[in-house]
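Okay, so here's the structure we're looking at.
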Amino acid sequence: MPYRLILIPLLMVLPGVVRADVIHLTTGGEVRGELLNPKESPRKSYEILTLDGIRMTFGKRQVQRVVRSQDPEALYEEYLPQMPASAEGNWKMAEWCLKTGLLGKRTTHLETVVRLDPDHEPARRALGYQMINGKWQKRTEYWENRGYIRHKGDWKLPQEVARDEANEAREAEEIEWRKRLKMWRSWILKQRGKQGEGAQNISNIRELSAVQPLLDLLDDDQEPPQLKLLYISVLAELKSPVSTGIFAKRVLHDSEARVRDACLSALEKHGSTVAVDIFIPHLTDKNNMVVNRAGLAIGRLKDARATVPLIEALTTEHKYVIPGQGGNIGASFDKNGGGGLSTGGGPKVIRRVMQNRAVLNALSTIHSGVNYQFDKEKWRHWYEHKNTPQQLSLRRTE
């Protein structure tokens, strides 16, 4: 029975119960209701409409203090002494604090709940605990105990955070380089007296963070050749492995011979092994021009690992389309091919076996003194013989 009497005042302020202004009288009593003249100044009296609908007026000296219903802090202080000091009492007070926005005090009561009742699931979950491996743990503790840290809404290892931050810093630097390069190349292209300064600024670049912006410009088919040559010279000095892929691509596909040669010269100095791995698959390209460019590049790089693919690429078969009404031969390729000439009045499709001089030159360069021309069988036989271990005779000499 005493517990019930203590709990009743608490329930009056919990969710679902009508809240009211509380007028504390100098006589020790209190009246609940709505204060009708809250803004009266200077204060002369207190007009109250009670919860029962009765209108009452108290003089200024009759009232000790007023607790407004919209003042959660004051209500909290008023009812805290009446709260049962149990897990359930603290839980109900925590729920009320949540409703009224007293989140700091809510946390205090939730912590008291789990101290009094360690298996109180609602309070545990409200505090951020989860049942992990049969044990209540906060997600924060779970990850921190495993060496993770919180970073931008996710849990990551310190080395992952360091990597992400480094990437972000690099991206920011790349944005700045793109702005500078855009300005400098405009000086060069517009030729308004600052082209020399623009070219010199680009030539002086020595920061690795400029590599990707330079490569993007180099890989633009619309970029003028003179600017591409400038980018290549800078990139060659920077010696970044990232450049290898774009250099190789330009060797195979750039329309300007000077650009192709400059990229290949850069690859001869740096990154030749990776570049050869890029060139080898293009020895079977459907475009015969690309086959020969790949062969030329491999010959310049002198990598014997490409010997077998080079032998197979000495001659390659391609499809070509002859327009039906004459004119120049247009190139159309099919890796798998198809047989014979096309019929009818439309374009005619022919298959041609091409001898690839650049591929032969590459083989002869890599294997000096060996030249079987375009005879694949002789090249294969030579290579097999060259790479077959000699059998040692185990017979005792007489």
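The values are calculated or read from the model by the stated rules, or taken from the named source; none is laboratory data. This one's a predicted model, so the numbers in the text were calculated from it and none came from an experiment. We place every Cβ from the backbone using ideal geometry, glycine too, and count neighbours over all the protein chains shown.
The criterion of at least 1 residues that are touching a Phe, Trp or Tyr at 6+ places or on another chain (Cβ under 6 Å) is met, among helices (runs of 4 or more DSSP H) falling completely within the range 228-284, by 257-269. Residue 85 falls short on exactly one of the conditions (1) of a type in the set (A, V, I, L, M); (2) touching a strand residue (DSSP E or B) at 6+ places or on another chain (Cβ under 9 Å); (3) assigned to a loop (DSSP other than H, G, I, E, B), and that condition is (2).
In the set 140, 112, which member is of a type in the set (Val, Ile, Thr), under 38 Å from the mean Cα position of the chain (by Cα), part of a helix (DSSP H, G or I) and outside the structural domain of residue 71 (by TED's automatic domain parsing)?
The match here is 140.
Per-residue answers, yes or no, for (1) aliphatic (A, V, I, L, M); (2) out of contact with any Pro (no Cβ under 7 Å at 6 or more places or on another chain); (3) on the phi > 0 side of the Ramachandran plot:
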residue: 80; (1), (2), (3): yes, yes, no
residue: 87; (1), (2), (3): yes, yes, no
residue: 90; (1), (2), (3): no, yes, no
residue: 101; (1), (2), (3): no, no, yes
residue: 104; (1), (2), (3): no, yes, no
residue: 122; (1), (2), (3): no, yes, no
residue: 128; (1), (2), (3): no, yes, yes
residue: 133; (1), (2), (3): no, yes, yes
residue: 140; (1), (2), (3): no, yes, no
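Only one entry in 127, 103 is loosely packed, with under 15 Cβ neighbours inside 10 Å, aliphatic (A, V, I, L, M) and within 42 Å of the chain's Cα centre (by Cα), namely 103. Between 96, 91, the distinction of being aromatic (Phe, Trp, Tyr), surrounded by 16 or more Cβ atoms within 10 Å (Cβ to Cβ), out of contact with any Leu (no Cβ under 7 Å at 6 or more places or on another chain) and outside any loop (DSSP other than H, G, I, E, B) belongs to 91 only.
Scanning the range 38-65 for residues that are assigned to a strand (DSSP E or B), more than 13 Å from residue 22 (Cα to Cα) and among the polar types (S, T, N, Q) yields 45, 57. If you go through the range 332-367 and keep only what is modelled with pLDDT of 50 or more and of a type in the set (A, V, I, L, M, F, W, C), you end up with 349, 350, 353, 354, 358, 359, 360, 362, 363, 366. Total residues in the range 368-378 satisfying the condition of being touching a residue at least 12 places away in the same chain (Cβ under 8 Å) and either crowded, with 18+ Cβ neighbours inside 10 Å or not in a loop (DSSP other than H, G, I, E, B) (or both): the figure is 1.
Residues of the range 181-205 being part of a helix (DSSP H, G or I) and surrounded by fewer than 16 Cβ atoms within 10 Å (Cβ to Cβ), which ones? Those that are part of a helix (DSSP H, G or I) and surrounded by fewer than 16 Cβ atoms within 10 Å (Cβ to Cβ): 182, 183, 186, 189, 190, 196, 197, 200, 203. Scanning the range 35-86 for residues that are under 21 Å from residue 113 (Cβ atoms) and touching a Ser or Thr at 6+ places or on another chain (Cβ under 8 Å) yields 72, 75, 76. Within the range 376-395, being farther than 17 Å from residue 283 by Cα and modelled with pLDDT of 90 or more holds for 377, 378, 381, 382, 383, 384, 385. Does the range 216-226 contain any residue that is in a helix (DSSP H, G or I) and of a type in the set (S, T, N, Q)? Yes, the range 216-226 has at least one match.
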